Amino acid sequence: MALNPAAMADAPARVEPGTVPGPRDDHEVPRPPRRDSAGGAGQAGDDTLAWSVTAMSGALRRLAAARAGDTPQAVAAATEAVWWVTVVDAAMTRHHPAAYGHALAALDPAERRAVEGSLAGLRFVRIQLGQYADPGDFIQPPPGPSAGRGRGWTWSELPPPPPQRGKAREVSPYREYRAQLAGRPVAKVLERVAGFLSQAHASAGASRACRQP
C-alpha cells in the first residue's frame, strides 16, 4: 500500500481508495533525524520515535486551530492526528513494551479502559481510511458557528464495515470505535491518547537513561 506524505498539504476532503492519508509535508512537520554509521540501530529508532512524538503534538495543535466551518481543513487535521497517534502507538508497543505496559498500569481502571479502547478505535479509523473510507465520513462539524474551532468536531456514528471476501469482519475494533469514539469530541479523544503516549515515551527515555553508564 502506497503512502502519500504530501496528501495533507492541500487538505482534501477525500482520498483515493487504497491511499492512507499521511502527514503534512511542510515546515511545520519536523524532519526525521539522520544518523551516521556510528549510531546504533536502537538509538536511530529512538530518535525516529522522538521525532514522531513531536509530529503528533504538532498535528494536535493544528487540529485545535482548525476552523470549525472549514471542513477540508478540519478533516485533514484530524486525519493527520490519527496517523501520528497510530504511528507512535505502534512504535511504542514494538520498541518499548515494558514502558508502555507500566504507563498503562499507572492509570486507574476506567482511564486505562478508555485509552486502550480509544487506541483500538483509532486503529479502526486508519485501517478503514487505507481501504475505502472517505475521511469526511468519520467526523462531523459542530451544530453552529459558535462552537469554536477544531474542538467542536465529533466522531460520527458509523455502520459496521462491510465484510471483505476471505476475511472475518473486524468486530472488536469497530466495537471500540462505537464505544469510545462515536459521538465524542474528536480533539478530546486524540488528546487523551496522545497524552498517554507522550507519558509512556518519557518513561521509556528515563529508563534508557538510567541504564546508560
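Between A64 and A105, what is the FRET efficiency for a Förster distance of 22 Å, r being their Cβ-Cβ separation, to the nearest 0.05?
On the way: r = 29 Å, r/R0 = 1.34.
Efficiency, from the Cβ-Cβ distance: 0.15.
Can you give the FRET efficiency to the nearest 0.05 for Q199 and D134, using r as the Cβ-Cβ distance and R₀ = 30 Å?
0.35
Every number in this text was worked out from the coordinates using simple rules, so none of it is lab data. Note that the coordinates shown come from a computational prediction; the quantities given were computed from them, not determined experimentally. Because the Cβ atoms are built from the backbone with ideal geometry, glycine has one as well, and the counts that use them run over all protein chains shown.
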